[in-house]
Each structure stands twice: as structure tokens, then as C-alpha cells.
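Since the structure comes first, as C-alpha cells, the remarks are kept for the end.
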Amino acid sequence: MAVKIEGTCDSNFNRVRDAFAANFDRFDEVGAAVAVIIDGKPVVDLWAGHADQKRTRPWTRDTLVNVYSTTKGLAATCAHRLVDQGKLDLDAPVARYWPEFAQAGKEKVPVRFLLSHRVGLPAVRKRLPREAFFQWDTMCAALAAQEPWWEPGTNFGYHPITFAWLVGEVVRRASGKTLGNYFREQIAQPLGLDAHIGLDAKHDARTADIIGPPPPKPGEPNQMAEMLADPESMSAKSITNPPINVVTDVNSREWRAMELPSANGHATARAVARMYAALARGGEIDGYRVLTPESIVRCYTEQSEGIDMTMKVHGRVGLGFMLNSPEIPMGPNPHPFGHPGAGGSIGFADPEAKVGFGYVMNQMSPAPPLDPRPRAIVKELYASL
């Protein structure tokens, strides 16, 4: 039986609706939502499917879901806003804000290296207990003491989880607020975003369960297996130290409650699209300025391009955002920026087309870094403009 697509869609974007619907047949989508805002005007706001693996709970207009690394774009926006507020200097040493960070030869490392994945701290070498993952100060202390895996600034490697504590602690020291609270007060509430970094238990009933990815088919690349091949490697430790399972633990109250600005944002597609819609319009929407136009240019200015030392795949990185590339296609224009999340979610801004885009889902895909479902939708979006 064909899935029932709910929500609204401008008739000029029926191809987007069709691509969204087709994902349920072609790619075994369980529950998902997509939103597109152009020059501040919502043109697509669709949702369908179910919020649980047994398909007993329908996905509704206000269903929340964990968006994994799509969270990094929300976190990066907080850092750029602090720059605009004169509270953070990207070229200043991290140690100016976080003195303890000046250990193990890191006294001169600039803040920008944290955002651009060039600092060399995607993992902690020393084996940490599971409970450390949920203890902010413990993780910050471990990273402050850690010697970089490469000389900061000489290369780049994705920081899949440690980005949370590295960027989050600088935001906390510079603003006096945890990143989750800063995001809520400075961005989510003023824009009316249903997006959370640190989810209150009152929202659990409307939060979709993440469903782990199926194993890759024979002959298909298995990036996770490659990363875990050597348990002592930087790549393996970047996702296993502390020993947390980012798929099986993600539906727990403990995971949802913590503030992990790299991986545990919970949001609707509408919220992701609206934040990026502001950034796509020079930083302002409906009279509220999130970032200055100068910050927007900084967001999409390339910092690194090449083979990522952690993920072993090609990457193109800005300051806290991923940039347009064959691996993460965000349309044909020169300056889109945003962030995908494990399993398939993505949000991005396209300043040339003034597009804010958000796609979220609960059935994870094994295909990194951007799976076919959002690719198909983005393709039809630009064909419709």
C-alpha cells in the first residue's frame, strides 16, 4: 500500500513530493520528513511513515528525531554567532578561553582548527570508561590533556564525536552557557525552531526511534568495518572510546538528555530548514538576525579539501560546515554549506538560491556520507527552481 504523504507542497515543487514519496518504495523508508524554504517562504513541508520500527506510531507534523551530525551545523552556528557578538575570536588560541587546553603542545592552537577538523583530536588515546561519555568535564579534561594525532593545521580528519566537547567547551567558556542552552536562547526560541541539543523527557512521546542500518550488501563498501578494523587506531577510537554504541544507545533517555553538540540534536525537518533559511538570506529571517553577512561568507569559505584522515574518504570542509562536493551534493551553486548526519539526515543553506533545506528520517542507511534518499530529493528540488 502506498504511503500517505502529509503536509503541504507548492505545486511548483511536486517533483520534490514525488521523490520524497518514492523513497518509501525504493529505499525502505520507515518515517521521514522534508522541508524547503526559499527566500523565507516555506514551499515544502512534508512528512510520512512511522516513528517506530514496528510501525505502530505514525510520523506526525511535530515528530522529533535524532539527527546525528546534522547537529554540528546547529553547533557551528552558535560559534559564529559568538564571533558576531564579539565574544569569540576564531584566530585566538583556544587556551585564551579554555586555559587547560594548553597542554601537550596545544598552547597556540587557534579556535578555527576546532571548527574545521584540523586540530588533530578526533579521538582520545587513553581508554575511557563508558560513563565518561556522559560526563562533560571528564571528556573535556581528557581532550585538554591529549596530544594531537597530527600537528594541528597540517591536515584534517573528521571529529565525529569529540567535536561536541571541543566546540561546546569553547562556546561554554566564551558565553557562560552550555551550547544547548545558548542554542535554545539565541537561535531556537527566537526563530521558533523545534530543535533541541539536550532533550527534555516531556518530548519523548513524540520522538521517533532510530532504526539501525542494514548491513551493506556483498561487494558494497563498508566504511564502518574499515574504521573498526584496528581497534587501537585513531579512526576506531573516534567512535568507540568511550565504549558507547551510537546506534543502540541513541534511543535511551540518557542519550537524549545529554548535550552532545556533535551528534544528539533532535529536530524536525522544518526546524532544520528554517535555521538554514535564515543563513541563506544573509543571516536574517522574519526580522531576526542569526548571523551577519560577513559570518555567512566565513561559513562557506573552504578550510580543507582532500582525503579525510579519520573517515578515509574525500571531504571538503568549511568552518563547522561541510561544503558542496560529489560526496555531499547540495545543488549546482558555488556556495552551499550545511551538514549531513549518520544514516541520512541533512540540512543546508544555499545563499545563491536563498534555499534552506532539511531532511530527517529514522531508518538509517549504511551508505556514507550522504545516502540516496536526500540526494534524490535535492536533485528534484533544483530541477524545480
Got at least one residue in the stretch 151-159 being in contact (Cβ under 8 Å) with a residue 40 or more places away in the chain and assigned to a helix (DSSP H, G or I)?
no
Looking only at the stretch 99-127, how many residues end up being over 23 Å from LYS312 (Cβ atoms), in a loop (DSSP other than H, G, I, E, B) and in contact with a strand residue (DSSP E or B) (Cβ under 8 Å, 6 or more places away or on another chain)?
4
Just checking, which of LEU64, LEU74 is at pLDDT 95 or above and more than 16 Å from THR207 (Cα to Cα)?
LEU74
Single unsatisfied condition, VAL83 versus (1) farther than 30 Å from GLU259 by Cβ; (2) β-branched (Val, Ile, Thr); (3) in contact with a helix residue (DSSP H, G or I) (Cβ under 9 Å, 6 or more places away or on another chain):
(1)
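Scanning for something at pLDDT 95 or above, closer than 18 Å to LEU114 by Cα, more than 15 Å from the chain's Cα centre (by Cα) and outside any loop (DSSP other than H, G, I, E, B), does the stretch 278-295 turn up at least one residue? So that I can check it myself, show each step before the final result.
Our first condition is that a residue be at pLDDT 95 or above; within the stretch 278-295, this holds for 278-295.
Remaining after also requiring closer than 18 Å to LEU114 by Cα: 295.
Keeping just the survivors that are more than 15 Å from the chain's Cα centre (by Cα) gives 295.
In the following step, the residues that additionally are outside any loop (DSSP other than H, G, I, E, B) were identified as 295.
The answer is yes; a qualifying residue exists.
Which residues, taken from the stretch 196-221, are of a type in the set (Gly, Ala, Ser) and either more than 21 Å from GLN53 (Cα to Cα) or assigned to a loop (DSSP other than H, G, I, E, B) (or both)?
Those that are of a type in the set (Gly, Ala, Ser) and either more than 21 Å from GLN53 (Cα to Cα) or assigned to a loop (DSSP other than H, G, I, E, B) (or both): GLY198, ALA208, GLY212, GLY219.
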Tabulated pairs, the stretch 129-141, first without any contact (Cβ under 8 Å) to a residue 12 or more places away in the chain, second crowded, with 16+ Cβ neighbours inside 10 Å and among the small types (Gly, Ala, Ser), C-beta under 9 angstrom, 6+ apart or interchain:
THR138/ALA132
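Scanning the stretch 133-152 for residues that are hydrophobic (A, V, I, L, M, F, W, C) and in contact with a Gly (Cβ under 7 Å, 6 or more places away or on another chain), which turns out surrounded by the most Cβ atoms within 10 Å (Cβ to Cβ)?
TRP149
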Which is among the hydroxyl-bearing types (Ser, Thr, Tyr) and in contact with a helix residue (DSSP H, G or I) (Cβ under 7 Å, 6 or more places away or on another chain), of THR301, THR248, THR292?
THR292
What pairs come up if the first residue lies in the stretch 73-93 and is farther than 22 Å from PRO336 by Cα, the second is surrounded by fewer than 24 Cβ atoms within 10 Å (Cβ to Cβ), and their beta carbons are under 6 Å apart, counting only those six or more places apart or on different chains?
LYS87/ALA174; LEU88/LEU82; LEU88/ALA174; ASP91/PRO110; PRO93/LYS108
Conditions first: (1) touching a residue at least 24 places away in the same chain (Cβ under 8 Å); (2) more than 26 Å from GLY86 (Cβ to Cβ); (3) touching a Phe, Trp or Tyr at 6+ places or on another chain (Cβ under 9 Å). ASP249 passes all but one, so which condition is the exception?
(1)
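Test of understanding: among LEU260, LEU193, which residue is over 25 Å from PRO122 (Cα atoms), at pLDDT 95 or above and in a loop (DSSP other than H, G, I, E, B)?
On the way: LEU260 fails: over 25 Å from PRO122 (Cα atoms).
Among LEU260, LEU193, only LEU193 is over 25 Å from PRO122 (Cα atoms), at pLDDT 95 or above and in a loop (DSSP other than H, G, I, E, B).
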Name the pairs whose Cβ atoms lie under 7 Å apart, with the first residue in the stretch 160-189 and in contact (Cβ under 8 Å) with a residue 60 or more places away in the chain, the second among the small types (Gly, Ala, Ser) and surrounded by fewer than 20 Cβ atoms within 10 Å (Cβ to Cβ), and 6 or more positions between them or separate chains?
GLY180/GLY198
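Per-residue answers, yes or no, for (1) crowded, with 23+ Cβ neighbours inside 10 Å; (2) at negative phi; (3) among the hydrophobic types (A, V, I, L, M, F, W, C):
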residue: CYS9; (1), (2), (3): no, yes, yes
residue: VAL16; (1), (2), (3): yes, yes, yes
residue: ALA22; (1), (2), (3): no, yes, yes
residue: GLY31; (1), (2), (3): yes, yes, no
residue: VAL34; (1), (2), (3): yes, yes, yes
residue: ILE37; (1), (2), (3): yes, yes, yes
For the stretch 53-98, give me each residue that is hydrophobic (A, V, I, L, M, F, W, C), closer than 30 Å to ASN362 by Cα and either part of a helix (DSSP H, G or I) or in contact with a Pro (Cβ under 8 Å, 6 or more places away or on another chain) (or both).
LEU74, ALA75, ALA76, CYS78, ALA79
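The values are calculated or read from the model by the stated rules, or taken from the named source; none is laboratory data. Please read these numbers as outputs of a predicted model, since none were measured by experiment. Virtual Cβ from ideal backbone geometry, glycine too; neighbours counted across all protein chains shown.
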